[in-house]
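The values are calculated or read from the model by the stated rules, or taken from the named source; none is laboratory data. These figures come from a predicted structure and were not determined experimentally. Cβ placement follows ideal geometry from the backbone for every residue including glycine, while neighbour counts extend to all protein chains displayed.
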Amino acid sequence: MARTPVLTFTENGIYCPAGDFYIDPWRPVDRALITHGHADHARSGMGSYLATHAALPVMRHRLGEIRAEGIAFGEGRRIGGAEVSFHPAGHVPGSAQIRVAVGGEVWVASGDYKLVDDGFTEPFAPVKCHHFITESTFGLPVFRWAPQRDVAAQINHWWATCAAAGKTAFLGAYALGKAQRLLSMLDPQIGPILTHGALEATNAVLRDQGLTLPATVHATAELNPKDHPGAIVVSPPSALGSKWARRFGPQESAFASGWMALRGVRRRRAGDRGFVISDHADWSGLLTAIKDTGAENIYVTHGYTDVFTRYLNENGWQAQVIPTQFEGEALESGEAT
Amino acid sequence: MKRFAALFNTIDQSTRTNVKVAALADYFSDATDADRLWTIALFSGRRPRRAVTTTRLREWAAEEADIPLWLFEDSYAIVGDLAETIALVLPPNPSSDNRSLTHWITELRGLAEVAEPQRKAFVLAAWAALGGTERFLFNKLITGGFRVGISQKLMTRALARATGMPETELAHRLMGNWHPDDTTWHALIEAADASADASRPYPFYLAYGLEDGPESLGDPDHWRAEWKWDGIRGQLILRDGDYYVWSRGEELMTDRFPELARTIDHLPPGTVLDGELLVWLPGSDTPASFNALQARIGRKTVPKKLLAEAPVVLHAYDLLEWQGEDIRHHPFATRRALLEEACADLPADAPLRLSPQIPFGSWADLATHRAAARDAQAEGLMLKRADSPYLAGRKKGDWWKWKLDPLTIDAVMIYAQSGSGRRANLFTDFTFAVWNGNDLVPFTKAYSGLTDAEFRQITAWVRKNTLERFGPVRKVTPHHVFEIAFEGIQPSPRHKSGVALRFPRMKRWRQDKPLQEANTLDDLNEMLRQYG
Ligand SMILES: [Zn+2]
Ligand SMILES: [Zn+2]
């Protein structure tokens, strides 16, 4: 007897028939449960939104007036015939895996996630389930992240070298999550930390909700670069090399992303330096996460889906590829977000 | 290897020429003789004799990484570099090794003599001892191919800075057949007699493309014109009773062109010619297509039948050495006059001919000749200033290529494949089709010509419009029309469309053009009739 699956994959995104809601839908629907505030997960035009309390402020900041409700991590909620709860995904502050249970069958839609504790985001919490929906942005064995303190040491060393040579260091990173994580890794002893406006707005939202970030100076059009010798400027990748950046005079630019692990991409995208750091799980992170769920059925979206799915199937899981509609612009910003 | 890895990182990560040259010059000033000799060798495509096959390397790496071989191969396809793939799949590792570049090379050379289990043990131990860039470089020592964006020009500039010697002399010393196994830093760079090697070629002088017409070059009387052939640029060296043929890519190709041995009978020793290698059938007015030549380049030894079917003739356009004397500093007009004199008495069946000059009175006159280039099986014209010396490398000013505009056709994208290396996260390799009735017939692939922004845009589109997947290839909804530019067209029974294109690339993304207005197979056949 075939019964309706707890979650199905539709034109609009992941759908739960028992609760009549969608998870991270990419077209306007009545009821949307959102894993986190990145543009490829939280889109405008939904009738109502449900996300963690920690994810909501950034979503409101990005999407403007929305009908939204917050939920605490671990708090249970009944929606129609489904039991729903949100659990930390470790991706960016407030990001969640969404657990959906109907009649004893448990599914988890994990959104984007990483296993390493960045000292900043609520750490990833494994959730037991029967069916697990995973990303595979870096689902190849060539992606293996070094410990965060090693990357922090590289970045700070580069910044100090720039400062000693009388150059401004420009570090490009996506505005929500990655940028704040990098800020928290910087050593303020080296010099002043400046930020681009697009990023400072997000900083303000996160500081308001109680996150601790180092002191930053908003690099407005009026700011005189000469007043901030030895500075590092954290900005969106698109601002690297722009007119705004050029008025800082002699400078080096770097880009921080998991893609920087590949020499070819690094040479194409990195400016002077590329630092390998990502808010997504690496190869061993993905495998550990999947093992820890105890799930037998794995649905793979985002990234190297074909290769990763084949590997899972050869190693005892029942895995399948779920086509996704929203990878394009993720690559645009240098990393899936 | 630490010092070498630091140099490599600086060069590899910087896009600025002055940073690269400064790093190299520093290295050449203070590295050991053995290390700097090997560094020049590695950056100019020389490498230690291969002691381990790449098949074994892949197997051992997959085993060490605890992944199936197919997964290693799929990863390699995406990374695009074997040495890098191996370095990445192995468990991350801080490097704690202090042995020098030359030390590692010497150890690798010793591997040829030992049995496979010892070879494997050595490689695994090296992988465990080396981390990051050093592990990658160790693999590169085995696989070869250090592509780091260091041209011969930058290397000689850095060497000049480190040694105080003139760049031109260094450029010449670095040419030719040397290998660190049988020379030293002193012999190669510093010793008085640099002409010891009879096969040593001169650095090629390379022309820039002329963007607009030639009017900006001034008085046409100061210029000489020749056909720009669609063959292989080659340097023929006659010294000490022997002959040597070098390609522009600095590859010694003597054995591939045995017919050129007869040039020894026609010209005296101490002669070096610059010219074009072309397949040219006896009695024909024009050279055969590049395809015919391709069959020859592919063979290290040439069967008799092929030698008869596709005979190669060198068309000489410049004389660099005459009677044992380097005459590159003389004006082109003088060198050319000597060349014509030297070639005056060649028999009709000699494997050597003078590449003709094209007389012209005005630039307009020359434009008429250029328009006829396709009939002569040429790609366009070469313009050379009459008083120019023969320089080394690509220099602006005295030599220009004035190529024909490419042929173009509007085609529909039907398959997409992701790129590798530089473009591993983008779809960049596309298959294009033309209409045949209501069917789309694939006829060419192309993977260059778009901007990174356009590649990102089309990548997003491909992901949303995949109809089917065959391994790495995705069949996509026929929707986008691209203008494909190419240099030539030939019949090809191997292709479904019956044609093969030369140098196809995407010239423009025709977002303005509806699908139905792409060209047809009939259009393609008409081009084949006209230009094939
Ligand atoms: Zn995200
Ligand atoms: Zn995402």
task: Given the conditions (1) surrounded by fewer than 15 Cβ atoms within 10 Å (Cβ to Cβ); (2) out of contact with any helix residue (DSSP H, G or I) (no Cβ under 6 Å at 6 or more places or on another chain); (3) away from chain A (no Cβ under 14 Å), report the number of the one that B:Asp26 does not fulfil.
output: (1)
field: Residue list for segment B:389-445, filter: away from chain A (no Cβ under 14 Å), on the phi < 0 side of the Ramachandran plot and of a type in the set (Gly, Ala, Ser)
entry: B:Ala392, B:Ala411, B:Ala433
task: For residues that are more than 14 Å from every other protein chain (Cβ to nearest Cβ), within 12 Å of ligand 2 (Cβ to nearest atom) and either among the aliphatic types (A, V, I, L, M) or surrounded by fewer than 19 Cβ atoms within 10 Å (Cβ to Cβ) (or both), tally how many sit in segment A:24-37.
output: 1
- prompt: Got at least one residue in segment B:452-473 being aromatic (Phe, Trp, Tyr) and more than 12 Å from chain A (Cβ to nearest Cβ)?
  reply: no
message: Contact list please: Cβ distance under 8 Å, first residue in segment A:106-121 and under 21 Å from A:Thr212 (Cα atoms) and more than 14 Å from chain B (Cβ to nearest Cβ), second residue more than 12 Å from ligand 2 (Cβ to nearest atom) and part of a strand (DSSP E or B), pairs at least six apart or on different chains.
response: A:Thr121/A:Pro88
task: Could you list all residues from segment A:253-292 that are closer than 18 Å to A:Met185 by Cβ and of a type in the set (Asp, Glu)?
output: A:Asp279, A:Asp282
field: Qualifying positions in segment B:410-443 - assigned to a loop (DSSP other than H, G, I, E, B) and either more than 29 Å from the chain's Cα centre (by Cα) or within 12 Å of B:Ile458 (Cβ to Cβ) (or both)
entry: B:Gly419, B:Leu426, B:Gly437, B:Asn438
field: Some residue of segment B:51-62 being under 23 Å from B:Phe4 (Cβ atoms), away from chain A (no Cβ under 14 Å), at pLDDT below 95 and in a loop (DSSP other than H, G, I, E, B)
entry: yes
query: Which of the residues that make up segment A:77-107 are under 16 Å from A:Ala295 (Cα atoms) and within 16 Å of ligand 2 (Cβ to nearest atom)?
result: A:Gln97, A:Ile98
field: Residue under evaluation B:Thr17, criteria (1) surrounded by fewer than 18 Cβ atoms within 10 Å (Cβ to Cβ); (2) within 12 Å of another protein chain (Cβ to nearest Cβ); (3) of a type in the set (Val, Ile, Thr), criterion not met
entry: (2)
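Take A:Ala82 and decide whether it is within 16 Å of ligand 1 (Cβ to nearest atom), surrounded by 15 or more Cβ atoms within 10 Å (Cβ to Cβ) and modelled with pLDDT of 95 or more.
Values: within 16 Å of ligand 1 (Cβ to nearest atom): no; surrounded by 15 or more Cβ atoms within 10 Å (Cβ to Cβ): yes; modelled with pLDDT of 95 or more: yes.
Spelling it out, it is not the case that A:Ala82 is within 16 Å of ligand 1 (Cβ to nearest atom), surrounded by 15 or more Cβ atoms within 10 Å (Cβ to Cβ) and modelled with pLDDT of 95 or more.
Per-residue answers, yes or no, for (1) in a loop (DSSP other than H, G, I, E, B); (2) buried (at least 22 other Cβ atoms within 10 Å of the Cβ); (3) aliphatic (A, V, I, L, M); (4) within 20 Å of the chain's Cα centre (by Cα):
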| residue | (1), (2), (3), (4) |
| --- | --- |
| A:Gly45 | yes, no, no, no |
| A:Glu69 | no, no, no, no |
| A:Glu75 | yes, no, no, no |
| A:His87 | no, no, no, yes |
| A:Gly90 | yes, yes, no, yes |
- request: Output the number of the condition that B:Phe482 fails; it satisfies all remaining conditions of (1) crowded, with 20+ Cβ neighbours inside 10 Å; (2) within 14 Å of chain A (Cβ to nearest Cβ); (3) not in a loop (DSSP other than H, G, I, E, B).
  value: (2)
message: Quick test of your reading of the structure: A:Asp112 fulfils all but one of (1) under 18 Å from the mean Cα position of the chain (by Cα); (2) away from ligand 1 (no atom under 12 Å from the Cβ); (3) closer than 21 Å to A:Asn12 by Cα. Name the failing condition by number.
response: (2)
task: Determine which member of the set B:Arg147, B:Arg99, B:Arg135 is within 14 Å of another protein chain (Cβ to nearest Cβ) and part of a loop (DSSP other than H, G, I, E, B).
output: B:Arg147
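Would you mind stating whether A:Asp40 is away from ligand 2 (no atom under 16 Å from the Cβ) and part of a loop (DSSP other than H, G, I, E, B)?
Numbers: away from ligand 2 (no atom under 16 Å from the Cβ): no; part of a loop (DSSP other than H, G, I, E, B): yes.
It is false that A:Asp40 is away from ligand 2 (no atom under 16 Å from the Cβ) and part of a loop (DSSP other than H, G, I, E, B).
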task: Confirm whether A:Glu65 is at negative phi, away from ligand 1 (no atom under 16 Å from the Cβ), at pLDDT 95 or above and not β-branched (Val, Ile, Thr).
output: no
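Tell me which residues, restricted to segment A:94-108, are modelled with pLDDT of 95 or more and either part of a loop (DSSP other than H, G, I, E, B) or within 13 Å of ligand 1 (Cβ to nearest atom) (or both).
Matches in segment A:94-108: A:Gly94, A:Ser95, A:Ala96, A:Gln97.
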message: Step by step: first the residues of segment B:485-500, then only those that are at pLDDT below 90, within 22 Å of the chain's Cα centre (by Cα) and under 17 Å from B:Pro442 (Cβ atoms), then the one that is surrounded by the fewest Cβ atoms within 10 Å (Cβ to Cβ). Which residue is that?
response: B:Ala500
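Would you check if there is a residue in segment A:239-250 being away from ligand 1 (no atom under 16 Å from the Cβ) and surrounded by 23 or more Cβ atoms within 10 Å (Cβ to Cβ)?
Within segment A:239-250, the subset away from ligand 1 (no atom under 16 Å from the Cβ) is A:239-250.
Narrowing further to those that are surrounded by 23 or more Cβ atoms within 10 Å (Cβ to Cβ): none.
No; the residues of segment A:239-250 include none that is away from ligand 1 (no atom under 16 Å from the Cβ) and surrounded by 23 or more Cβ atoms within 10 Å (Cβ to Cβ).
Quick one: is A:Phe132 surrounded by 23 or more Cβ atoms within 10 Å (Cβ to Cβ), away from ligand 2 (no atom under 16 Å from the Cβ), among the aromatic types (Phe, Trp, Tyr) and within 24 Å of A:Thr293 (Cβ to Cβ)?
Details: surrounded by 23 or more Cβ atoms within 10 Å (Cβ to Cβ): yes; away from ligand 2 (no atom under 16 Å from the Cβ): yes; among the aromatic types (Phe, Trp, Tyr): yes; within 24 Å of A:Thr293 (Cβ to Cβ): yes.
Answer is yes for this residue.
Of everything in segment A:245-268, what is within 16 Å of ligand 2 (Cβ to nearest atom) and either part of a helix (DSSP H, G or I) or more than 12 Å from every other protein chain (Cβ to nearest Cβ) (or both)? Give them in sequence order. I'd like the intermediate steps shown before the answer.
As a first pass, look at segment A:245-268 and keep what is within 16 Å of ligand 2 (Cβ to nearest atom): A:257-259.
Scanning segment A:245-268 gives A:Gly258, A:Trp259.
Condition check: touching a residue at least 24 places away in the same chain (Cβ under 8 Å), more than 12 Å from chain B (Cβ to nearest Cβ), touching a Pro at 6+ places or on another chain (Cβ under 9 Å) and within 16 Å of ligand 2 (Cβ to nearest atom). Does A:Ala231 satisfy that? Give the steps one after another, and end with the answer.
Working: touching a residue at least 24 places away in the same chain (Cβ under 8 Å): yes; more than 12 Å from chain B (Cβ to nearest Cβ): yes; touching a Pro at 6+ places or on another chain (Cβ under 9 Å): yes; within 16 Å of ligand 2 (Cβ to nearest atom): no.
Here the answer is no, as A:Ala231 does not meet what is asked.
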statement: Being within 16 Å of ligand 2 (Cβ to nearest atom), modelled with pLDDT under 95 and buried (at least 23 other Cβ atoms within 10 Å of the Cβ) narrows A:Leu176, A:Leu199 down to just A:Leu176
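Results for (1) crowded, with 20+ Cβ neighbours inside 10 Å; (2) β-branched (Val, Ile, Thr); (3) more than 26 Å from B:Met253 (Cβ to Cβ), shown as yes or no for each residue.
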position: B:Ala126; (1), (2), (3): yes, no, yes
position: B:Glu134; (1), (2), (3): yes, no, yes
position: B:Gly164; (1), (2), (3): no, no, yes
position: B:Trp178; (1), (2), (3): yes, no, no
position: B:Tyr208; (1), (2), (3): no, no, no
position: B:Glu215; (1), (2), (3): no, no, yes
field: Search result, residues across segment B:200-229 that are free of Cβ contacts under 8 Å to residues at least 60 places away in the same chain and touching a helix residue (DSSP H, G or I) at 6+ places or on another chain (Cβ under 8 Å)
entry: B:Arg200
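Give the residue, chosen from B:Thr85, B:Thr10, that is facing chain A (nearest Cβ under 9 Å), closer than 25 Å to A:Phe275 by Cβ and in a helix (DSSP H, G or I).
Selected residue: B:Thr85, the only one of B:Thr85, B:Thr10 that is facing chain A (nearest Cβ under 9 Å), closer than 25 Å to A:Phe275 by Cβ and in a helix (DSSP H, G or I).
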